[in-house]
Structure formats: structure tokens, C-alpha cells
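Have a look at the structure below before the remarks.
Derivation of every value follows stated rules applied to the coordinates shown; laboratory data play no part. Since the model is a prediction, treat every value here as computed from it, not as a measurement. Ideal geometry is used to build each Cβ from the backbone, glycine not excepted, and the neighbour counts take in all protein chains shown.
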Amino acid sequence: MARDLGDLNREDFARYKSDVKKEGKAFFPFAILADTVMSLVVVSVITALACIWYLDADGTEPGILGPWYTEPADPGTTQFVPRPDWYFYFLFYLLRIFKWPETVFIATVGIPTVLLILLLGLPFYDRRRERRPSRRPVAMVAAVLTIISMAVLTYKGATAEESLGSQLIADGVPQEWADEQGFADNEQAVAGAMLFAETGCLQCHTYLGSGAGNLGAPDLSEVGQRFDAAYIVQYLSNPAQFGNSVMSSYSYLGEENLAALAAFLAASSGGE
């Protein structure tokens, strides 16, 4: 009786596996061939994408993969709201959850590091030969929960709204602050309120109900009751000397702008 083709294939495969187990596979040509083929595939894909990007755009109008270039970044802008790349949105939103200075380490280092260690150690503490998903309920539940958590955090980070200073100014919010706090006749303080909205202070602080309140930054609606303008200028110039290692220096704004910000904050006493 003629042997089934499937039996011959199985025998050939079994013989091949036996030979590999006894003699191993030579680095040349097997490993070199696999690496060469994969390298050619990667380089070809990158080259094709580069050609599509270059030929599809004309230098002024963006193509499928974007424009050749965009406007140069303005380091002095006060209206740009920085956001991370999409694959960091989950971490971006974790910082909104663990926003106090004492817990920032948990979001940025603690949770990601623990999860990474658990993933890297998986081959060492789970050495069972069974790999069928239906017989690994704990692993499958953990994987599904991880995927759902990452997806939810990424979505929340992508759709999180930021306080835009330009929108606040367009809505007349700084003037409302001036009216409520009673410094509408103080031109320097009003200018400082505009600058406060523009420079992104509300990304961390809150003021009369506006702002994000991130990283444990305090509400500044009544800061003028505690500090005068001279102290505030010193603090904004170098927060680190006052023990604040989270807030960056605003000395780049210049003396005039710092004086306006200080006048605004010093006039902030919580409302009339």
C-alpha cells in the first residue's frame, strides 16, 4: 500500500528535528540567510515609505505620510501646549492620576518598572509546557486586563483637554479675574493675569476655578495674602532655592514680565 504523503512529510520533519538536535544548525548559511532576508525586508519598507513621503508631498502640501517640513519651532511661544507622542498617552494620563509630587515616582517609574519585570520574568516563574490559552485562565485574564487598561489609559490621555491660555484670553477670563479680585485698575497686574494664562501656569496650578491642579501644585487664588511681589519675583526666578524641585525657573521671561506676574499674584487675595 502506498504511503500517505502526510506520513512522509511527518517523517521528514521528525528526521530534520532529530538531526538539528544532534548536530545543530550551522551559522552559515542558516542564521546569516535569515538575518539578511529580514534586514532586506526592513530596509525595503523604510525605503518605500521614504519614497512615498517624498514623492507624495511637494514641500508645501502634506502627503499621506505628512509634509516635508513644518514651520520652525518658536522657543519663545507662550501658547503651545506640549503633549507626548501617542504611545506615551497612557503614562501621560497616569501622571494625572498620581499628580502629587510624592506619587509621581509611582506613575513614572514604579508601575511601569514592576510590570516590565513581571513580563521579563515570565519564562522563569511560569515553566509549564501548556501554552493553550483555554488552559491558562490566570495568564489570559492578566493579559486581557493589561490590554484593556493600556487601551483605556491611552484613550483618556489622547482625549484629555488642556487649559489653553489663548482660549482663556479670547473668553475674557483674565479680565474676569481682575474684576473678581479687585485689581482691574492695576494695568501691571492685568498684564500679569494675561501672561499667567499664556505661559501655561494653569497646566499645573488652579486659579479661581480654572486650571488642571497637576503635580500637587497649589491654588493661587489667594496667594497674595501670604506673599508680596518682591518675594514672588525671587520665587519665580529660581523655585529650587525655595525647595521646589518640580517647578522650573521662569527667569527666561525677563524682569518686566516677572514683575507683571508678581503684581498679579500679589493682588490675588481670594476675591472681593
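Please identify the trypsin sites (Lys or Arg not before Pro) of segment 129-224 that satisfy two criteria: DSSP loop assignment and at most 11 other Cβ atoms within 10 Å. Which are they?
129, 131
What's the magnitude of the charge dipole for the chain around its Cα centre, counting Lys and Arg as +1 and Asp and Glu as -1 at the beta-carbon? Answer in Debye, nearest 20.
In total the dipole reaches around 2880 debye.
From zero outward in steps of 5 Å, how is the percent of C-alpha pairs of the chain spread across the bins?
1, 4, 7, 9, 10, 9, 10, 9, 8, 7, 6, 5, 4, 3, 2, 2, 2, 1, 0, 0, 0, 0
In a shell of Cβ-Cβ distance under 13 Å around residue 234, excluding residue 234 itself, what net charge do Lys and Arg (+1) and Asp and Glu (-1) give?
Neighbour charge sum, excluding residue 234 itself: -2.
Rg over Rh of segment 165-266, using C-alpha atoms and the Kirkwood radius, what does it come to?
0.93
Report, in whole Å, the centroid distance computed from the Cα atoms of segment 168-207 and segment 85-153.
Measuring centre to centre over Cα atoms gives 41 Å.
Against the globular-protein guess of 2.2 N^0.38 Å, express the Cα radius of gyration of segment 86-159 as a ratio, rounded to two decimals.
For segment 86-159, the normalised Cα radius of gyration comes out at 1.32.
What FRET efficiency, computed as 1/(1 + (r/R0)^6) with R0 = 25 Å and r the Cβ-Cβ distance, is obtained for residue 184 and residue 227, rounded to the nearest 0.05?
It comes to 0.70.
Quick one: pull the percentage of alpha-carbon pairs in segment 10-64 with a separation above 12 Å.
Pairs farther apart than 12 Å: 75 percent.
Taking only C-alpha pairs under 8 Å that are 6+ residues apart, what is the relative contact order of the chain in percent?
Details: 267 pairs, mean separation 42.6, N = 272.
Relative contact order comes out at 16 percent.
Only helical DSSP H runs with n ≥ 4 go in: add -39500 (n - 2.57) per run for the chain, normalise by residue count and round the 222 nm mean residue ellipticity to 500 deg cm²/dmol.
When only DSSP H runs of four or more count, the value is -16000 deg cm²/dmol.
Can you tell me the 0 to 90 degree angle between the C-alpha axis of helix 255-266 and the longest principal axis of the chain, rounded to 10?
Value to nearest ten degrees: 80.
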